[in-house]
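The structure under discussion appears below in the form of structure tokens.
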Amino acid sequence: MAKDVIIACDFPSADETIKFLDKLTRIRDEVVKCDDITVIPRPFVKIGMELYYAEGPKIVKTLKDRGHKVFLDLKLHDIPNTVKKTMQVLGEYGVDMVNLHAAGGIDMMVAAKAGLMLGSARLADKPKLIAVTQLTSTDEGTMHRELLIDRPLEEVVKQYALNAKEAGLDGVVCSAFEAAGIHEACGLDFLTVTPGIRLTKDGSDDQKRVMTPKEAREAGSDYIVVGRPITAAEKPSEAYAEVCSQFIGR
């Protein structure tokens, strides 16, 4: 558990992304000092839809060439054959993690895994494939009123995780609130990747189910995804150091 912090680079262009990441330079595991705060550069980064649709596959190559691990967060959700073919393309990029929506069902997830393995066949390190359970902007009331899902949120998330495990996926995206239950149901080696992370001084923005990095670590999250508390911080290096300190103790 507490494997790494993933920075959500939700910027509109490659230029802005690189400008931001240049503030967090040097080798990934080399520890440097910034205003007496330990900083661990070369972070694991998330490329979301905004950045990917603006820049295309070249942004993946750019970040990989700079030494970053990359989580490609495109949340695929379509018929199994379409998702399989798309995952085959994404598997060729050399990303470290990619995702889809668990709501697409087991057949779609099985097809996605097959496509991803075909696309990454030449790579020594295969990408992790994870499934989004419920977005952290969705609460139980929204599920009941708008999506007509009448089961408790925790039960739905756990079932989606079990479906993902059955399909051969590596883990799920979930709220940190659900991480412990998912590990109990699916095993400790089944990854929980948790967004909705805020430092105590931050607001929740559009997230409804949030935790601090320390709380997420204690709840059993394997990876946390952190965006605005780092990217919008006055001193991003110090914010990143604080998140790392709380979550992985360095």
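Every read-out reported here was derived from the displayed coordinates using simple, explicitly stated rules and does not represent laboratory data. Fair warning: this is a prediction, and the values are worked out from it, not measured in the lab. FYI the Cβ positions are ideal-geometry reconstructions off the backbone, even for glycines, and counts take in every protein chain you see.
Residue exposure proxy: I197, I130, ordered by other Cβ atoms within 10 angstrom of their Cβ from fewest to most, comes out as I130, I197. Every helix of 4 or more DSSP H residues in the chain counts as -39500 (n - 2.57), and over all residues that averages to -12000 deg cm²/dmol at 222 nm. Close amide H pairs (under 5 Å, H built 1.01 Å from N) link L76 with N99, L100, H101, residues at least 5 positions away or on another chain. Per residue, the convex hull spanned by the Cα atoms of the chain measures out at 122 cubic angstrom.
Applying a threshold of 22 Å to the alpha-carbon distances of K61/K85; K113/K158; K3/K84 flags K3/K84 as lying beyond it. Per-residue Karplus couplings for the stretch 50-59, computed as 6.51 cos²θ - 1.76 cosθ + 1.60 with θ equal to phi - 60°, are listed in order as 4, 5, 5, 5, 6, 10, x, x, 4, 5 Hz, Gly and Pro entered as x. Amide H contacts of K3 (H built 1.01 Å from N, in plane; Pro and chain starts excluded): Y223 sit under 5 Å, all sequence-distant by 5 or more or on other chains.
Within 10 Å of each residue's Cβ, count the other Cβ atoms and sort D78, D65 from fewest upward.
Sorted ascending by nearby Cβ count, the order is D65, D78.
With each label modelled as a point 7 angstrom along the Cα→C-beta vector, the K75-I106 pair spans 2.5 nm.
Under a 5 Å amide H cut-off, with hydrogens placed 1.01 Å from N, A8 pairs with K46, V226, G227 among residues at least 5 apart or on other chains. Placing pseudo-labels 7 Å out from each Cα toward the beta carbon at E155 and A114 gives an inter-label distance of 3.3 nm. Length gained on full extension, I248 to T62: 64.3 nm, using 0.36 nm per residue less the C-alpha separation.
For the stretch 53-123, trypsin sites (Lys or Arg not before Pro) meeting the loop criterion (DSSP other than H, G, I, E, B) and having at most 14 other Cβ atoms within 10 Å: R66, R122.
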